[in-house]
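These notes are about the structure you will find just below.
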Amino acid sequence: MASTYLYRTNGTPTLGTKYTFSFWMKRSTEDADHRLVNNYVDSNNLGQIYIDATNNKLNIIDKSGGSTHLDVTVSHKFRDPAAFHHIVIAADTTQGTAADRLKVYINGTLQTDFALGASYPNQDAVLKMNAASATDQFRIGSHNGGGDYFDGNLAHFHFVDGTAYAASTFGETDSTSGIWKPIVSPTVTYGNNGYFLKFENSGAMGTDSSGNTNTLTVSGTMTQNVDTPTNVFATLNPLDNPYVGQKASFSNANLTGAGTETGFVAGTSTFGFTAGKWYAEFKLTVGTSSFQAMGVITSPVDDLHQTAPHDSTKFYGVRGQGTKYQPGGSGTTSWAGSWTTNDIIGLALDCDNNRLYVSKNGQYADGSGNYDEAFTGAPAYITLASGQIYHFIGGSISTGSGVSLTMQANFGSGFFGTTAVTSANSDANGHGEFEYEVPSGYYACNTKNLKEFGG
């Protein structure tokens, strides 16, 4: 959602003293404030819900006429890029006890630890967050003045006008896994300004499913993908940023990695695999392919802090000019053909038989310098060590002269950057969207497949 937001103009609220927000969030970057909700006129009249880049904490602020009704910072830190978090914020200023006038739940748990204390609204205070917005825009994903864009995924976004609900209205604990999960169709009275965003219509992502027809307008380009709270897909991991001083920057829900400094940049998958068969696709969109390497790397990746992927004692893969690499150095230089910008490199990881297969635009390496084999044609493979945890990795070898590099990963979510794949090939379980056919017996990198086939 970077550089994108949703907006509408609120009408007269059912009750200005009560509201509830409930949404699932998978945050990407930590390099800026992420504005989740914003109803802003000026510095003296505003309602804001955001995550602060300096401490990764959730902040809730409400001001009217220069008076601060509400100022709360939740101590919980949002730093996990691999997981969705369920956030519920319920305000009810009619309550006699100050601490009951705002309740915050994270993954079903009521939060009681607030950084620097908490400033609660006066009893019966009318909150700006649920006020009519004739002179301003009610926004999701941006500050009204622009910037502070939310970069990540949102799902099941509810706004309730006039009622304060507990988290149990919107989520429940799965009886099998013990994991907190969404209630798909909660029983909710939304009030005049309320809405429910399912993000099901790719052509109108702000469509309201509450029955109120309070549809929000999309500004910018908002992409729909299959990454959901009940089936989470892998991304590149910004917390596993291998090269000290020359770290990659990540965007597009952590599926785009870029580096502009001389040296090495890389991104590894948030999921690691010890068993099963897994498929992912990478694409170099900016830069020189001879500097790029794709493959897998064993955990932990600490030795990458000092060296490039091909020099690592843990990297298995292929460089852009076709050189095969295994721990300790390169193999036969003619193992595979070269690739260029916008070629799609497929990686088929077989943890059961300790093999890695590599394809370019749907054709697999033959081990003699070409990409001309179908997967069923017993393509050449790179031999892996057994008993390891493997992460997918894409990164540069060495730019040498400060060449900019940008790579995009697709672990099944169906996008390279903000561009949807055109073929939408899924695995045998019907999961994922890939540009090229998923080899038989291989699966998209998501939690449902990991539970069934991983180890």
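Any idea what the relative contact order of the chain is, in percent, if you count C-alpha pairs under 8 Å spaced at least 6 apart?
Relative CO of the chain lands at 15 percent.
Given a cut-off of under 8 Å on Cα pairs at least six residues apart, what relative contact order in percent is computed for the stretch 1-72?
About 18 percent, as a whole number.
Which lysines does LYS77 reach when only Cα atoms under 28 Å apart count, and residues fewer than 8 places away in its own chain are ignored?
LYS18, LYS26, LYS57, LYS63, LYS103, LYS128, LYS181, LYS198, LYS247, LYS448, LYS451
Rounded to the nearest 0.05, what FRET efficiency is calculated for SER299 and ASN429 with R0 set to 22 Å and r the Cβ-Cβ distance?
So, using R0 = 22 Å, E works out to roughly 0.30.
Quick one: in the stretch 117-211, what % of C-alpha pairs are over 23 Å apart?
Of all Cα-Cα pairs in the stretch 117-211, 42 percent lie more than 23 Å apart.
So, counting K/R as plus one and D/E as minus one, what does the shell of residues with Cβ under 15 Å around THR20 add up to?
Here the count lands on -1.
Go ahead and run the numbers for FRET between ASN361 and ALA53, Cβ-Cβ distance against an R0 of 30 Å, rounding to 0.05.
The value I calculate is 0.20.
For labels at SER67 and ASP124 in the simple 7 Å Cα→Cβ model, what's the distance in nm?
If labels sit at SER67 and ASP124, their model points lie 1.2 nm apart.
Hey, what's the Kirkwood Rh for the chain if you take every pair of different alpha carbons, in angstrom?
Evaluated on the chain, it is 23.2 Å.
When the chain is fully extended, how far beyond the present Cα-Cα distance does SER338 get from THR187, taking 0.36 nm per residue of separation?
That works out to 48.8 nm of additional length.
At 0.36 nm per residue, minus the direct Cα-Cα distance, what do ASN44 and ALA166 gain on full extension? Give it in nm, one decimal, please.
Residue separation times 0.36 nm, minus the Cα-Cα distance, leaves 41.0 nm.
Modelling each spin label as a point 7 Å along the Cα-to-Cβ direction, I'd like the GLU452/ASP113 distance in nm, to one decimal.
3.7 nm
Going by how many other beta carbons lie within 10 Å of each one, how would you line up LYS314, LYS451, fewest first?
Ranking LYS314, LYS451 by Cβ neighbours within 10 Å, fewest first, gives LYS451, LYS314.
On a full-extension model of 0.36 nm per residue, what is the gain between ALA378 and SER219, subtracting their alpha-carbon distance, rounded to one decimal in nm?
52.4 nm
Counting Lys +1, Arg +1, Asp -1, Glu -1, what net charge surrounds GLY191 among other residues with beta carbon under 12 Å of its beta carbon?
Charge balance in the 12 Å sphere: 0.
No value in this document is a laboratory result; all are computed from the given coordinates. All of these numbers come straight from a predicted model, not from anything done at the bench. Glycine gets a Cβ as well: all are built from the backbone with ideal geometry, and neighbour counts include every protein chain shown.
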